[in-house]
Amino acid sequence: MHKVTLIPGDGIGPEITKAALAVIEATGVKIDWERHEAGIPAIEKFKDPLPQHVIESIQRNKILLKGPLTTPIGSGFRSINVALRKEFDLYVNLRPAKSYEGVVTNWRDLDLIVFRENTEEFYAGIEHYIDPAKSAAETIGIVTRTGSERILRYAFQYAKKVGRKKVTIVHKANILKYTSGLFLDVGKAMSKEYPELETNDKIIDNMCMQLVTNPNQFDVIVTTNMFGDILSDLCSGLVGGLGMAPGANIGAEAAMFEAVHGSAPDIAGKNIANPCAIILASAMMLRHLGEEAAAVRIEKSVAKTVKEKEHVTRDLNPLKGVGTMEMCQAISANMG
Ligand code: NAD
């Protein structure tokens, strides 16, 4: 029996996490869930978006499955997603972008992995107005050698372990000569330790253009925090949108699994959200817990269900879309 902290989230979070729990249960893997609120629901109940008892639960269990959490724009509390990554030093953000038969895209057979540094640079929260009149604002993005080394090491090691062929380091070292330059220098030096992997580097603007014109040239992508955030959404767009994009946030002590997409307030409560991203994130979680067979069963079943196009949500089949729970039931049934 595994013990896992669960934050269902808000918006579409409760609907899609309910679906994910049902699919995990169908694998037969036993999980004792410790369910907690964070973000807006926690403010309503506890007047704190990330209460101490939630932090303690994650500290105890070391694994978190998290639904999306709304972050107020401009003012209000800072992102709980970012706070969790910082609190548990989840420095690796691993976001696969894989094309599935049955999902309409311009690109077939894509199987990319974006590794995003998850703790430094412009997400460190060091920002302020420079004067009381708010005439200008400043954000400080710090990139460290240690921070760069650990994410690059993780990406190279992962690529080697799973038999990937190529690693692309993405940066803006022509302009950000110190921050991006440091990341690139560390990556280039480390690549010499992995002669079995082809390594290249791309400037972020060119990378975006190359991704939308010829994405099949890429395999594993590793980059700093903000470029990684943007590129991973771009890559999920290449494979048909956010509905199929899972993500893992991994540190030395704890790991958090979630969908790449947000709380989608525009479709919340309508039973039309695609549950695949969080279901695929649950498969990543099971793999992390050593439940490889269950992870593979979920991934195969999602692929089968999506390919059949019969029991999928309307983002995948606008003419015959079914509800979130119906799609989840089809995925569970397709596991056999
Ligand atoms: P979003 O990802 O919530 O939605 C973008 C678009 O994609 C919307 O049209 C939405 O309906 C659609 N969409 C997203 N998930 C879907 C799904 N599973 N099935 C079908 N359609 C789906 O992005 P947003 O609107 O920019 O953000 C909404 C809120 O979510 C914001 O407060 C943002 O800060 C937050 N957010 C949270 C996380 C997280 O918890 N990790 C990540 C991103 C955004």
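The values are calculated or read from the model by the stated rules, or taken from the named source; none is laboratory data. The model shown is predicted, which means the values in this text are computed figures rather than measured ones. Note that we place each Cβ from the backbone using ideal geometry, even for glycine, and neighbour counts take in every protein chain shown. Accessible surface areas use protein heavy atoms only, side chains included; no ligands, DNA or RNA. Shrake-Rupley method; radii C 1.70, N 1.55, O 1.52, S 1.80 Å.
Structure above, values below:
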| item | result |
| --- | --- |
| Spans of helices (runs of 4 or more DSSP H) in the range 162-274 with at least 3 residues at pLDDT 95 or above and loosely packed, with under 14 Cβ neighbours inside 10 Å | 204-213 |
| Residues that are over 17 Å from the mean Cα position of the chain (by Cα) and touching a residue at least 40 places away in the same chain (Cβ under 8 Å), drawn from the range 114-147 | 121, 122, 125, 141, 143, 145, 147 |
| Test set (1) surrounded by fewer than 23 Cβ atoms within 10 Å (Cβ to Cβ); (2) charged (D, E, K, R); (3) not in a loop (DSSP other than H, G, I, E, B) - residue 116 fails condition number | (1) |
| The range 59-83: number of residues that are of a type in the set (S, T, N, Q), within 11 Å of the ligand (Cβ to nearest atom) and in a loop (DSSP other than H, G, I, E, B) | 3 |
| Residue in the range 9-18 that is within 13 Å of the ligand (Cβ to nearest atom) and at positive phi present | yes |
| So residue 334, is it away from the ligand (no atom under 11 Å from the Cβ), under 26 Å from residue 216 (Cα atoms) and open to solvent by 10 Å² or more (accessible area, probe 1.4 Å) | no |
| Residue among 43, 24, 55 that is more than 16 Å from residue 249 (Cβ to Cβ), in a helix (DSSP H, G or I) and open to solvent by less than 20 Å² (accessible area, probe 1.4 Å) | 24 |
| Residue within the range 258-281 that is touching a residue at least 40 places away in the same chain (Cβ under 8 Å), away from the ligand (no atom under 16 Å from the Cβ) and aliphatic (A, V, I, L, M) present | no |
| Any chance residue 63 is among the β-branched types (Val, Ile, Thr) and open to solvent by 70 Å² or more (accessible area, probe 1.4 Å) | no |
| Check on residue 224, in contact with a helix residue (DSSP H, G or I) (Cβ under 6 Å, 6 or more places away or on another chain) and more than 16 Å from the ligand (Cβ to nearest atom) | yes |
| Set 90, 110, 94, 84: member being surrounded by fewer than 21 Cβ atoms within 10 Å (Cβ to Cβ), under 20 Å from residue 280 (Cβ atoms) and of a type in the set (A, V, I, L, M) | 110 |
| Count of residues meeting criterion [among the small types (Gly, Ala, Ser), closer than 20 Å to residue 21 by Cβ and crowded, with 17+ Cβ neighbours inside 10 Å] in the range 288-322 | 3 |
| Check on residue 100, in contact with a Cys (Cβ under 9 Å, 6 or more places away or on another chain), open to solvent by less than 80 Å² (accessible area, probe 1.4 Å) and part of a loop (DSSP other than H, G, I, E, B) | yes |
| Test set (1) under 18 Å from residue 288 (Cβ atoms); (2) of a type outside the set (S, T, N, Q); (3) part of a helix (DSSP H, G or I); (4) open to solvent by 60 Å² or more (accessible area, probe 1.4 Å) - residue 3 fails condition number | (3) |
| Residue match in the range 286-298 (condition: within 20 Å of the chain's Cα centre (by Cα), within 15 Å of the ligand (Cβ to nearest atom) and not aromatic (Phe, Trp, Tyr)) | no |
